Each structure stands twice: as structure tokens, then as C-alpha cells.
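S.K.: Structure provided below as C-alpha cells; questions to follow.
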């Protein structure tokens with residue numbers, strides 16, 4: 001076991017973890033943050049996406065020890081003061097959510113994307129979401145939600 005310190009959703013956490021323990025297991029099993037979803041365990045569906053120092057990472061492939069000293073943000077850390085993040089709210093308003101399983105990873109991917117590209121084209125949105133699989137909604141409503149969130153966040 002090795003000691004690791006993470007700042008998870010603005011809360012410092014020091015834990016003993018196994019050398020090969022994955023971030024998804026640390027978040028879900030040790031910290032009870034079950035919003036991050038385990039999907040494929042291969043890094044191809046995007047359901048497990050979280051931020052480490054504002055960079056989206058696939059928590060199913062990321063060893064917890066690699067995040068030592070980093071600020072990790074999960075879907076539970078996105079809403080502020082009881083208010084949904086604009087990406088979350090627009091996904092709901094545009095009907096871009098059905099079962100919701102892919103939603104946490106989708107939200108985390110989109111937030112990081114819009115941080116660097118505040119006025120994206122539809123083509124760029126599709127490229128940014130290419131690593132996130134949704135089997136329920138298709139992507140039309142998700143793309144509309146991303147566009148609406150981008151407009152709101154840029155004003």
C-alpha cells in the first residue's frame with residue numbers, strides 16, 4: 001500500500017491505495033462517489049471521465065497514484081451552490097439525457113472542451129464527443145445542448 005493525497009471536489013483526501021488501484025475504484029469504492037460510471041473498462045466509452053487538474057482523464061485506465069497531489073473533479077463536484085452547471089442544465093432542457101448512464105462522463109468531457117473552445121462548430125463538438133458513447137439518445141439533442149451551454153457560458 002502507498003499513501004496518496006488527492007483534492008477531490010475541493011476536499012483534500014489522503015488514502016492508502018494499492019499500487020495498481022484505478023482511480024475509478026478509489027472514487028466509487030473508497031470515497032462513495034458513485035456518479036462516475038464504470039462502462040467498458042477499456043477506455044472507449046467515456047463513462048468514467050473525470051478531471052485531474054482540469055484535464056479530462058478516463059478513470060478506468062488511470063492509476064490513483066498517478067493523481068497524487070492533483071485536483072480531481074467528479075460529476076458530484078460540478079454543480080455549484082445547488083445550481084446545475086450550464087452543461088447539465090442544457091442536457092436536461094434539450095432532452096439530451098435518457099437513461100443517464102453516459103451523462104456524467106459526457107458532462108465532464110464537454111466542460112473541459114468548452115473551457116478551451118468556447119464557441120465550437122458542430123463538427124468540433126462531434127469530434128470532442130467522439131470518445132463518449134450514448135446508446136439511448138443519439139447525438140442530435142446532445143449537440144444542441146452543448147451549443148446552448150456554450151452560448152450561455154460565453155456571455
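The values are calculated or read from the model by the stated rules, or taken from the named source; none is laboratory data. Just so it is clear, the model here is predicted, and its values are computed rather than measured. Here the Cβ is made from the backbone with ideal geometry for all residues, glycine too, and neighbour counts use every protein chain on show.
S.K.: Mind counting the residues in the stretch 79-106 that are in contact with a strand residue (DSSP E or B) (Cβ under 9 Å, 6 or more places away or on another chain) and surrounded by fewer than 23 Cβ atoms within 10 Å (Cβ to Cβ)? Spell out the reasoning first.
M.R.: Applying the first criterion (in contact with a strand residue (DSSP E or B) (Cβ under 9 Å, 6 or more places away or on another chain)) to the stretch 79-106 yields 89, 104-106.
Within this subset, residues satisfying the condition of being surrounded by fewer than 23 Cβ atoms within 10 Å (Cβ to Cβ) are 89.
Total meeting the criteria: 1.
S.K.: Suppose we filter 63, 56, 118 for residues that are within 25 Å of residue 135 (Cβ to Cβ) and touching a helix residue (DSSP H, G or I) at 6+ places or on another chain (Cβ under 8 Å); which single one remains? Spell out how you get there, then give the answer.
M.R.: Numbers: 63 fails: within 25 Å of residue 135 (Cβ to Cβ); 118 fails: within 25 Å of residue 135 (Cβ to Cβ).
Sole residue among the options that is within 25 Å of residue 135 (Cβ to Cβ) and touching a helix residue (DSSP H, G or I) at 6+ places or on another chain (Cβ under 8 Å): 56.
S.K.: Right, next: So, of the residues in the stretch 67-83 that are under 17 Å from residue 108 (Cβ atoms) and without any contact (Cβ under 8 Å) to a residue 60 or more places away in the chain, which turns out to be farthest from the chain's Cα centre (by Cα)? Lay out the reasoning, then the answer.
M.R.: Here is the first cut: in the stretch 67-83, the ones under 17 Å from residue 108 (Cβ atoms) are 67, 70-80.
With without any contact (Cβ under 8 Å) to a residue 60 or more places away in the chain added as a condition, the list becomes 75, 78-80.
On the way: 75: 6, 78: 9, 79: 12, 80: 15 Å.
By that ranking, first place goes to 80.
S.K.: Can you spot a residue in the stretch 101-108 that is more than 20 Å from residue 153 (Cβ to Cβ) and either part of a loop (DSSP other than H, G, I, E, B) or not assigned by TED's automatic domain parsing to the domain that holds residue 7 (or both)? Talk me through it step by step, then tell me what you get.
M.R.: Let us first name the residues in the stretch 101-108 that are more than 20 Å from residue 153 (Cβ to Cβ), namely 101-102.
Now drop any that are not either part of a loop (DSSP other than H, G, I, E, B) or not assigned by TED's automatic domain parsing to the domain that holds residue 7 (or both), which leaves 101-102.
Checking the stretch 101-108: at least one residue is more than 20 Å from residue 153 (Cβ to Cβ) and either part of a loop (DSSP other than H, G, I, E, B) or not assigned by TED's automatic domain parsing to the domain that holds residue 7 (or both).
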